[in-house]
Amino acid sequence: MITAQTDPVPAVTPARFALAVARCVRFYSRLPMPALPGEADPHAIPDFRIEPVGLPVASLLIALPAGLVVALGVALRLEALLVAALAVAALVMSTGAFHEDGLGDTCDGLFGGHDVERRLEIMKDSRIGVFAGCAIMLSLMLRVIALASILKLGGLDALLGALLVASVVSRTEGIRILATLPTARAYGASAAVGRPVIKVALLAGAQALLLTLILAIACGLPVWGVLAGLVLSSLAVNILAGLARRLIGGQTGDIAGAAQQLSEIAIYVGLAAGLAH
């Protein structure tokens, strides 16, 4: 059985930051990432007590394939709905449906079990129930429609900004869940990789806000649309955190994945609303 990280948390140096970015790209996506100089084992279990410090930057890299797809789609003058669907497909393929899987398992577990043990058991089951099926379908549908609206209302720059901002903020929200809630299991992936220390979670959050500001200015995103997206994202993740604490006693990796999905949808909806007014 994999045991939890117990070594002292290393300091955040430039070299350690670059390593954290690389390991976050590997952990959160299927994108190729070569071993860095001096990296002994690129496939080692990440130390999530510190690795999330590189997640905001890694999130930009993870969203790049979707950005290239939408740029090509717009250049080919494809319909907005088709461009949005291709963008979401690229996101899913880039991550191997990593977060969608977490959303599905979370919905099946939280809403399909009658006690803590049964809910956690359902969440580990690879089979998809009706709650998971509905949640994944709604997630895909809402993201496609919201992105198509953003493209129609704001053009390519707004769509690229939305993809990048949502990628950064949503994954950072998942880290907030891991850092602020206790682990629901004494074993498993979430317990094994370690909980992000508060300092690391705060650094990741600060980076996410800075990158959001830069991207909003560069892509001409509406100020109140960005704010609306951030507020909706925080609200959705807070509700999820409350449910997870009450129904299973804390967080798992699946809960963090569900947080990412809810946050991404919220960011898109907020931006679409901001562009419409």
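Suppose we keep only residues that are among the β-branched types (Val, Ile, Thr) and surrounded by fewer than 24 Cβ atoms within 10 Å (Cβ to Cβ) within segment 160-183. Which one would you say is farthest from the chain's Cα centre (by Cα)?
THR183
May I ask you to list the residues in segment 38-70 that are under 13 Å from ARG16 (Cβ atoms) and surrounded by fewer than 16 Cβ atoms within 10 Å (Cβ to Cβ)?
Answer for segment 38-70, where residues must be under 13 Å from ARG16 (Cβ atoms) and surrounded by fewer than 16 Cβ atoms within 10 Å (Cβ to Cβ): GLY38, GLU39.
A quick yes/no check of all residues on (1) touching a Lys or Arg at 6+ places or on another chain (Cβ under 7 Å); (2) part of a helix (DSSP H, G or I); (3) more than 19 Å from SER59 (Cβ to Cβ):
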{"site": "VAL74", "(1), (2), (3)": "no, yes, yes"}
{"site": "LEU78", "(1), (2), (3)": "no, no, yes"}
{"site": "VAL88", "(1), (2), (3)": "yes, yes, no"}
{"site": "HIS99", "(1), (2), (3)": "no, yes, no"}
{"site": "GLY104", "(1), (2), (3)": "no, yes, yes"}
{"site": "LEU110", "(1), (2), (3)": "yes, yes, yes"}
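Would you check if ILE145 is of a type in the set (Val, Ile, Thr), surrounded by 22 or more Cβ atoms within 10 Å (Cβ to Cβ), at pLDDT 95 or above and over 25 Å from GLY54 (Cα atoms)?
no
Mind listing whichever residues of segment 238-267 are more than 20 Å from the chain's Cα centre (by Cα) and outside any helix (DSSP H, G or I)?
Of everything in segment 238-267, just one residue is more than 20 Å from the chain's Cα centre (by Cα) and outside any helix (DSSP H, G or I), namely GLY249.
Provide a single number: the residues in segment 222-237 that are surrounded by 15 or more Cβ atoms within 10 Å (Cβ to Cβ) and either not aliphatic (A, V, I, L, M) or not in a helix (DSSP H, G or I) (or both).
Qualifying residue count, segment 222-237: 5.
Filter segment 268-277 for residues that are more than 17 Å from the chain's Cα centre (by Cα), without any contact (Cβ under 8 Å) to a residue 60 or more places away in the chain and part of a helix (DSSP H, G or I) and give the result.
Of everything in segment 268-277, those that are more than 17 Å from the chain's Cα centre (by Cα), without any contact (Cβ under 8 Å) to a residue 60 or more places away in the chain and part of a helix (DSSP H, G or I) turn out to be ALA273, GLY274.
The values are calculated or read from the model by the stated rules, or taken from the named source; none is laboratory data. Since the model is a prediction, treat every value here as computed from it, not as a measurement. Positions of Cβ are backbone-derived with ideal geometry, glycine not excepted, and every protein chain shown enters the neighbour counts.
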